[in-house]
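> Below you will find the structure I want to go over with you.
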Amino acid sequence: MTDLQISLLAIGGTLVVGVLIFNKWQEYKAKKTVENAFGDGHDDVLMNPDAPVESIVRHEPSLDGDVQPVEDVPQHHEPMHADAATEMEAPVAIQDKELPVDELIDCVIPLEFETPVRGEKILAEIADLKYVGKKPVHFIGQSHSGERDVIAVGGAYTCLFAGVQMVSRNGPLNELEYSEFIMKLRAIADNLSAHPDIPDMNKVMVNARELHQFVAEHDAQLSVNIAANGAPWALNTLLAALEKMGFDQRPDGRLMMPDGDGGSLFTLSTNVSVSETMTSRLTLLLDVPCVAPARDGFGAMAACARSLATRLGGTVVDDGNQPISKLALDEISGQVHEFYAAMAEAQIPAGSLRAQRLFS
């Protein structure tokens, strides 16, 4: 080996070592940035792992770098607009006990029995009919007293109600799905000696398309982003800190802020794959029709974004990477309350079982 080859090998080795050292230094700085952000001793309820979710919901966003607490309010928050308040206070036609078969969003078909049928026999017959295509199918029964409820072992029922959901985010019920539903329902009716009352397909399709139009017009998802002002953040340290502040990590990599009642308030995405070690952008996402107005999902999400931006040295921006002003946040908040009023007027309140089923 010549002196020139030896020199080139030495230079190459030095460059490789230099690159490795530089990368490690960058990762170290990113990790320290996150550790300093979440370990500075600020008494911030959003960063307190022992704080209940309700304390997060009671905060409103501000653009002065801090999260400003508001005074305690009743469980039902007062909307910003008088018109919206009137709509929200109006009674909606939802029974006290929400059942899995709902005449507003399902195509419901009654099957009347000649004599009362035991619940265990019904359950055995309907066990395999859970979906037609991608549309869920549910059943409830009516007892001799006229009360309707889910089918239970030991119960006796004079009528069975089968409901196929007419709309989801995948689209409306179509003719093929409806035909499959009717065919399987007739077989169940024959086995149970029941008499089904089958509605006209054309009428069902019209209802499904009208309901789908409502879903398409109200399928609102709002997001805010936190963009790093300087170096990116170390992902492993960041994820640990986010989990401590209350986020639950999902299998798809997104993090969910629980609503305190088994549901999701909003989600957070790191916008990078699981193989990445750093990120320079976080995205908070609110599924508006699936969160009840009383939880103030948008206010909680905006407050969380402001707090994270302050701690991590970032900026709250929109999807176009433009800073979000207080005026823009106020405008969005007003639109959210108008959205809630429209859903309540349509008897599909945001966060209700009806809304969660339709926007799934």
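> Of everything in region 335-353, what is more than 23 Å from M257 (Cβ to Cβ) and not in a loop (DSSP other than H, G, I, E, B)? Give them in sequence order.
Correct list: E338, A341, A342, A344, E345.
> Further, regarding this structure: Going through L353, L329, L255 one at a time, which residue ends up being more than 30 Å from L104 (Cα to Cα) and either more than 19 Å from the chain's Cα centre (by Cα) or open to solvent by 10 Å² or more (accessible area, probe 1.4 Å) (or both)? Before the answer, list the steps.
Details: L353 fails: more than 30 Å from L104 (Cα to Cα); L255 fails: either more than 19 Å from the chain's Cα centre (by Cα) or open to solvent by 10 Å² or more (accessible area, probe 1.4 Å) (or both).
Result: L329 is the single residue among L353, L329, L255 that is more than 30 Å from L104 (Cα to Cα) and either more than 19 Å from the chain's Cα centre (by Cα) or open to solvent by 10 Å² or more (accessible area, probe 1.4 Å) (or both).
> When only residues in region 155-172 that are part of a strand (DSSP E or B), touching a strand residue (DSSP E or B) at 6+ places or on another chain (Cβ under 8 Å) and closer than 21 Å to C290 by Cα count, which is modelled with the lowest pLDDT?
It comes out as S168.
> Moving to a separate point now. So which residues in region 217-244 are open to solvent by 40 Å² or more (accessible area, probe 1.4 Å), hydrophobic (A, V, I, L, M, F, W, C) and closer than 20 Å to G297 by Cα?
L222
> Give me the residue from region 193-211 that is over 26 Å from the mean Cα position of the chain (by Cα) and more than 13 Å from I109 (Cα to Cα) and, out of that set, most open to solvent (accessible area, probe 1.4 Å).
K203
> Then there's this: Please specify each residue of region 280-303 satisfying the condition of being under 24 Å from N229 (Cβ atoms), touching a helix residue (DSSP H, G or I) at 6+ places or on another chain (Cβ under 9 Å) and surrounded by fewer than 20 Cβ atoms within 10 Å (Cβ to Cβ).
The answer is L285, and nothing else.
> Before we move on, is A189 at pLDDT 95 or above, hydrophobic (A, V, I, L, M, F, W, C), part of a helix (DSSP H, G or I) and closer than 30 Å to T115 by Cβ?
Yes: the conditions hold for A189.
> Quick one: in region 127-140, which of the residues that are outside any strand (DSSP E or B) and of a type in the set (K, R) is most open to solvent (accessible area, probe 1.4 Å)?
K134
> Can I ask one more? Would you check if D190 is open to solvent by 50 Å² or more (accessible area, probe 1.4 Å), farther than 23 Å from L104 by Cα and either among the charged types (D, E, K, R) or touching a Pro at 6+ places or on another chain (Cβ under 9 Å) (or both)?
yes
> Moving on to the next point. Tell me whether region 141-154 contains one or more residues that are in a strand (DSSP E or B), in contact (Cβ under 8 Å) with a residue 12 or more places away in the chain and either buried (at least 19 other Cβ atoms within 10 Å of the Cβ) or in contact with a helix residue (DSSP H, G or I) (Cβ under 7 Å, 6 or more places away or on another chain) (or both).
yes
Each row is one residue, and each column tells you yes or no for (1) farther than 30 Å from K134 by Cα; (2) more than 19 Å from the chain's Cα centre (by Cα); (3) at pLDDT 95 or above.
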position	(1), (2), (3)
G262	no, no, no
S275	yes, yes, no
G320	yes, yes, no
S325	yes, yes, no
F339	no, no, yes
A344	no, no, yes
P349	no, no, yes
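The values are calculated or read from the model by the stated rules, or taken from the named source; none is laboratory data. None of the values given here were measured: they were computed from a predicted structure. Note that we place each Cβ from the backbone using ideal geometry, even for glycine, and neighbour counts take in every protein chain shown. The accessibility values were calculated without ligands, DNA or RNA, using every heavy atom of the protein model including side chains. Shrake-Rupley method; radii C 1.70, N 1.55, O 1.52, S 1.80 Å.
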